Structures are given as C-alpha cells and as structure tokens.
1. Once every Cα of the chain carries one equal point scatterer and solvent is ignored, give the base-10 log of I(q)/I(0) from the Debye formula at q = 0.10, 0.16 Å⁻¹, two decimals.
2. Quote to one decimal, in nm, the extra length available between residue 158 and residue 176 on full extension: 0.36 nm per residue of separation minus the C-alpha distance between them.
3. Highest first, please rank the peptides 12-18, 138-144 by the mean number of other Cβ atoms sitting within 10 Å of their residues.
4. Ranked highest first by average number of other Cβ atoms within 10 Å, how do 190-197, 151-158, 227-234 line up?
5. So what is the diffusion coefficient of the stretch 74-216 in µm² per second by Stokes-Einstein at 4 °C and 1.567 mPa s, using a Kirkwood Rh over Cα pairs?
6. Sort 20-31, 57-68 by packing, meaning the average of other beta carbons within 10 Å per residue, with the highest value first.
7. Quick one: compute a quarter of the convex hull surface over the Cα atoms of the stretch 7-79 and quote it in nm².
C-alpha cells in the first residue's frame with residue numbers, strides 16, 4: 001500500500017527543462033512518478049553529508065537511504081509497488097545489462113561532455129552560481145579538477161575526445177538493439193529501466209550542452225521519441 005506520508009527526496013537543484021541534470025537524480029524522481037509514490041523534493045547542492053556522500057538520497061520515516069538502486073529496492077518492498085513485476089527472467093537480465101551499460105559507463109561520458117569539454121563547461125559552470133562570488137572560481141575549478149581525476153581513474157579520461165564519443169555511441173547502439181517495439185523499453189508500460197534511460201537521455205538531449213554525442217542521439221528517432229514520451233507522461237510541467 002502507498003503511504004500517505006511523502007518521502008523526502010534530496011537531490012541537486014533543478015536546471016534546464018529536465019527533472020535533474022544528474023542522471024541518477026532524474027532516474028530516482030522519474031521512478032517515483034512511475035510508481036505513484038508521494039514525495040517532496042529537498043534541494044541539496046552539497047551532498048557531502050548524504051548517507052553515501054552523494055545524491056540522490058531519501059528520508060523515509062526518519063531513515064535516510066542512499067544509492068538510487070538501493071532506494072528503489074527499499075521502496076518496492078515497503079510500498080508493495082513494483083513496475084518490474086511483469087518482467088520475466090530474460091527481461092530482468094536484459095534490464096540489468098542495459099542499466100550497467102548506462103550507469104557504469106555512459107554516465108562518465110556525460111560527465112566528460114558536460115563538465116570537461118569546453119562547450120559543456122560554458123553551460124554547466126552556472127551550477128556554481130549559488131557559491132559566493134569571491135570563491136566561486138576556486139570552487140568551480142576544484143570540482144572540475146576532481147571530475148578529471150574521477151574520469152582518469154575510471155578510464156574514460158584516458159581516451160581522446162573522438163574515442164570517448166565513439167564509446168558513447170556504441171553504448172546506445174547496443175541499447176537500441178535490445179529496445180522493444182513499444183513506447184517504453186519493454187512495451188506498453190514503463191519499467192525501472194525506462195527511468196534509467198530517461199535520466200541519461202534527458203541530460204544529453206534536453207540541456208543546451210552541445211557535443212557529437214548529442215548530435216548522434218538526436219539522429220535516433222526511437223531514443224528521441226522515448227525521451228519526449230517520458231517527459232510528456234511523467235513531467236508535463238517541464239515543457240520546452
């Protein structure tokens with residue numbers, strides 16, 4: 001049963017005409033709307049005090065939980081709501097493989113296109129507009145430097161720009177091979193994987209950050225249609 005008491009969803013402040021520029025925050029809020037679970041958003045620019053040191057996280061009955069996948073598992077169990085209940089074993093395995101492709105690789109491509117490439121940084125540096133002007137450049141450069149280190153440690157940061165764009169294209173080519181015929185990944189009704197895909201696609205397609213990766217995705221009718229259908233159904237207030 002769905003509780004009448006909304007959970008609190010802690011995430012980065014909203015930017016652009018998407019639920020959140022963070023693919024994981026966007027995934028989490030989208031999943032809550034798919035599941036029909038009441039929630040309240042708490043803007044959290046600094047996630048250092050979060051349960052796992054990152055957003056999103058939730059507060060549910062006084063308990064704080066981090067990591068979008070763990071949060072979803074918790075809510076499925078405690079609310080008795082599971083958008084994936086109809087999936088068979090093969091579909092669940094496919095969803096996990098696609099999730100890993102997006103969350104363990106493609107999100108690092110997003111980090112590169114949005115925060116490391118100059119075209120992206122010109123837009124995303126406004127993320128730090130809430131920081132006092134005197135220290136804003138120092139804080140922004142420090143965070144950007146940390147992102148460079150993360151990307152180099154993960155591996156994407158060791159590739160050339162062309163190689164990074166090619167690796168991202170191959171991620172989506174694999175996803176498209178598995179994408180079903182319906183408006184959602186597995187047909188007529190949304191599943192958790194649709195929230196995951198929307199989080200990544202919205203950040204790439206519906207922000208003003210231009211890149212070869214964005215150009216590639218704009219040429220994929222199925223992915224463009226999925227992004228727009230998800231926005232219209234679950235976030236109709238975010239027009240434009």
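The numbers here are math on the coordinates, done by the rules we state, and not lab data. Since this is a predicted model, take the numbers as computed values, not measurements. Cβ atoms come from the backbone with ideal geometry, glycine included; neighbour counts cover every protein chain shown.
1. Here log10 of I(q) over I(0) equals -0.47, -1.25.
2. Computed gain between residue 158 and residue 176 is 3.8 nm.
3. Answer by packing, highest mean first, reads 12-18, 138-144.
4. 190-197, 227-234, 151-158
5. 76
6. Answer by packing, highest mean first, reads 20-31, 57-68.
7. 4.5
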